[in-house]
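Read through the structure below, which is laid out as structure tokens, and then see the notes.
Derivation of every value follows stated rules applied to the coordinates shown; laboratory data play no part. Worth saying up front: this structure is predicted, and the values here are computed from it rather than measured. Virtual Cβ from ideal backbone geometry, glycine too; neighbours counted across all protein chains shown.
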Amino acid sequence: MAEPRTAALPKVVVIGGGITGLAAAAELSGAAGGPARARVVLREAADRVGGKLHGGEVGGIRVDLGAESMLARRPEAVELARAVGLGEAITAPTGAKAAVWTRGRLRPLPGGQLMGVPGDLAALAASGVLTEEGLRRVHDERPAELGEDVAIGAYLAERLGQEVVDRLVEPLLGGVYAGRAEEISLRAAVPQLLALARGGGSLVEGVHKMLDRPSAGGPVFAGLPGGLGTLPVAVAEACRRAGAELRLGSPVGELRRTPDGWLVDGEAFDAVLLAVPAPVAARLLAREAPAAAAELAAVEYAGMALVTMAFRRADLPEPPPGSGFLVPPVDGRSIKAATFSSQKWGWLAESAPDAFVLRTSLGRYREEAALDLDDAELVARSLADLREAVGLTAVPYATEVTRWRAGLPQYPVGHLDRIARIRTAARELGGLALAGAAFDGVGIPACVGSARRAVEDLLTPAPGPGAPEGE
């Protein structure tokens, strides 16, 4: 009797069942639309897939308790959703506008900006986010030392002034990385901005031209009815249909390199793809790749808490305006952002027309003390800020606090060099690749792209001695 064709494929273990590991398993098994390239076993320590893409219920309403939107202008996540049958469900936000709560009031988040760097000076002035002095400083662009890499905050403060960093760049970066502008790498976090800076000329004009291109049109973000927590579930099911074996509640204890491949807790595999947070990867590689493990252990993370609240619409004289607001840390508030989910997502308003759902976030890098407060205190602090920001006095009928400890990796100056060293060590071992938010970006499309890159690294033979890269 002939052996199944899949028997000739390499046996690969994917460690980690977040969206990165699931995307890798989908690429390897053929669930992402291509041919099967490996026999896949996915091991996940938790009893569910998805990692920070996590759905739940608050007051009987299905909501996201983790990431709630994905960048639509990068194609990888949307492509994955389509490959697993969710293409028709992909939805854009309603178009409700975001604001910045700063200097005592809500002010429109200026359009035409790239991670807080303005490209439309008229919109910036109309927003009132900056003072007259801050606006004059933006107009008065100055040269700034760039070098190979630099912290975003320091570079932009020198070039455009501290106000634009404090009131725009900092809160926008905080929403992505929960980090600090004075420490985050320009090269790693916003490479488009680095390219503009190196190109010479006005940074403001460069952002304007970039965002004025036809390719920059269309919705910036996308979501799914029922929340993004539905995406990993759909990817997992597609992987199972393609023949991948998913083992949940299955933490990995030991990796060992052998002459023929790898042993994972004693089970033989041809290759290993690690899609876990950097500290977990460091522990697993401590024996076989101590230098890479040390680099991984040095990657720092930020923690944050999400407070999701459901109100009865009948208790609201009128809903808060817009889709939500960002809060610059310089203003000294408890919350860092608020999202009015029922106004941001049409599917949520339709599924719960008598309720109003919103959520706040608290905590960022080196300010994780909020995570140790009890749920009632986090809710109380959120409500106090919402009362001052938008006049919300209603009491929620249901709340849920979700803590993401060590949730978001930080990208300090030199981060990409560290990642390059880690990947070099993995290539030298052979049959090993790493992917995830610590490597190629923290957004969902970036994680899917990281998974694709890791699959190619894993299955593409290394060049022979003396052969140039790419042959």
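Here the residues Asp270, Asp140, Asp354, Asp385, ranked from fewest to most Cβ neighbours within 10 Å of their Cβ, fall in the order Asp354, Asp140, Asp270, Asp385.
With kT/(6 pi eta Rh) evaluated at 37 °C and eta = 0.692 mPa s, and Rh the Kirkwood radius from Cα pairs, the range 236-381 diffuses with a coefficient of 167 µm²/s according to Stokes-Einstein.
Close amide H partners of Leu114, meaning residues 5 or more places away or on another chain with modelled amide H under 5 Å apart, are Gly119.
Kirkwood radius for the range 191-304, taken over all pairs of different Cα atoms as the inverse mean of 1/r, rounds to 19.1 Å. Electrostatic tally near Gly443: other residues with Cβ closer than 12 Å to its Cβ, Lys and Arg +1, Asp and Glu -1, net +1.
Normalised by the number of residues in the chain, the mean separation of alpha-carbon contacts (under 8 Å, six or more apart) gives a relative contact order of 23 percent. Rounded to the nearest 20 debye, the dipole magnitude of the range 110-215 is 280 debye, with +1 charges on Lys and Arg beta carbons, -1 on Asp and Glu beta carbons, and the Cα centre as origin. Listed by chain and number, the lysines whose C-alpha is less than 21 Å from the C-alpha of Lys336, apart from same-chain residues fewer than 8 away, are Lys52, Lys97, Lys344. Relative to the Cα centre, the charge distribution of the range 321-384, modelled as +1 at Lys and Arg Cβ and -1 at Asp and Glu Cβ, gives a dipole magnitude of about 300 debye. Simple rule: put +1 on each Lys or Arg Cβ and -1 on each Asp or Glu Cβ in the chain, find the dipole, and look at Leu373, Ala46, Gly147; the Cα lying farthest toward the positive end is Ala46. Which of the listed residues, Gly111, Leu362, Val330, is farthest toward the dipole's positive end in the chain, when Lys, Arg count +1 and Asp, Glu count -1 at the beta-carbon? Farthest towards the positive pole: Gly111. Taking the C-alpha atoms only, the angle from helix 230-241 to the longest principal axis of the chain is near 10 degrees. Take the Cα radius of gyration of the range 301-409 and divide it by 2.2 N^0.38 Å, N being the number of residues; the result is 1.05. Charging the Cβ of each Asp and Glu at -1 and of each Lys and Arg at +1, and nothing else, the dipole of the chain about its Cα centre rounds to 460 debye.
Angle of helix 415-429 to the longest C-alpha principal axis of the chain, folded into 0 to 90 degrees and rounded to 10: 10°. In order along the range 374-390, the Karplus-derived 3J(HN,Hα) couplings, from 6.51 cos²θ - 1.76 cosθ + 1.60 at θ = phi - 60°, round to 6, 4, 4, 5, 5, 5, 4, 5, 5, 5, 5, 5, 5, 4, 6, 6, 10 Hz, and Gly and Pro are given as x.
Summarising the overall dimensions of the chain from its C-alpha atoms, the Rg and Dmax are 23.0, 81 angstrom. Take the Cβ-Cβ distance between His139 and Ala380 as r, set R0 to 45 Å, and report the resulting FRET efficiency rounded to the nearest 0.05. That gives a FRET efficiency of 0.60. Close amide H pairs (under 5 Å, H built 1.01 Å from N) link Val100 with Arg107, Leu109, Leu326, residues at least 5 positions away or on another chain. Of Gly303, Gly226, Trp101, which is farthest towards the positive pole of the chain's charge dipole, taken about the Cα centre with +1 and -1 on the beta-carbons of Lys, Arg and Asp, Glu respectively? Positive-most Cα among the choices belongs to Gly226.
Note on the range 134-204: percent of Cα-Cα distances in each 10 Å bin, starting at 0 and stopping at the bin with the largest distance, equals 22, 57, 21, 0. Applying the Karplus relation 6.51 cos²θ - 1.76 cosθ + 1.60 with θ = phi - 60° to the range 143-160 yields 3J(HN,Hα) values of x, 9, 5, 10, x, 5, 7, 7, 6, 4, x, 5, 5, 6, 4, 5, 8, 10 Hz, where x marks Gly and Pro. Please report the spacing between the Cα centers of the range 77-104 and the range 289-321 in Å, no decimals. Distance between centres, Cα-based: 17 Å.
A quarter of the convex hull surface defined by the alpha-carbon atoms of the range 329-380 gives 4.8 nm² as the mean projection. Scanning residues 5 or more positions from Glu300 or on other chains, those with amide H under 5 Å from its amide H are Gln410, with H placed 1.01 Å from N in the peptide plane. The phi-based Karplus calculation (6.51 cos²θ - 1.76 cosθ + 1.60; θ = phi - 60°) puts the 3J(HN,Hα) values of the range 320-330 at x, x, x, 9, x, 8, 9, 10, x, x, 4 Hz, whole numbers, x for Gly and Pro. Using a cut-off of 14 Å between beta-carbons, work out the net charge of the residues near Glu388 (Lys and Arg +1, Asp and Glu -1, Glu388 not included). Once all neighbours under 14 Å are counted, the net charge is +3.
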